[in-house]
Amino acid sequence: MSRVLLMVSGAVVLVLGVALMFFWHQRVVELTGSERLISGLGLRAVEAAVLYGGTWLCVRGWNGRRV
């Protein structure tokens with residue numbers, strides 16, 4: 001059961017992360033100057049964290065190791 005829970009939670013993290021990034025990206029595009037740079041760097045950092053975290057959960061669940 002914990003394997004399924006890990007894979008489902010990983011998929012949820014990925015889907016919600018993609019939705020959040022979709023809406024946040026529009027705000028970053030409308031900014032200018034240093035605000036755009038800082039927001040863009042933050043956006044990329046959050047994207048990396050969501051992708052890494054979500055895929056880590058899915059792979060950890062798929063491999064079936066004890067948590």
Low-density loop cleavage sites - trypsin sites (Lys or Arg not before Pro) in the chain, where at most 16 other Cβ are within 10 Å (DSSP): Arg65, Arg66
Angle between the Cα long axis of helix 33-63 and the longest principal axis of the chain, 0 to 90 degrees, nearest 10? 10 degrees
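Subtract the Cα-Cα distance of Arg44 and Glu30 from 0.36 nm times their separation in residues, and report this length gain in nm to one decimal.
On the way: separation 14, 0.36 × 14 = 5.04 nm, distance 1.63 nm.
Full extension from Arg44 to Glu30 adds 3.4 nm.
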Trp24: accessible area at probe 1.4 Å, nearest 10 Å²? 80 Å²
Measure off, as a whole percent, the carbon and sulfur share of the 1.4 Å-probe accessible area of segment 1-47, all protein chains present. 73 percent
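The values are calculated or read from the model by the stated rules, or taken from the named source; none is laboratory data. Quick caveat: nothing in here was measured; it's all calculated off a predicted structure. Cβ sites come from the backbone with ideal geometry, for glycine too, and all protein chains shown count toward neighbours. Just the protein is used for accessible areas: all its heavy atoms, side chains included, with ligands, DNA and RNA removed. Shrake-Rupley method; radii C 1.70, N 1.55, O 1.52, S 1.80 Å.
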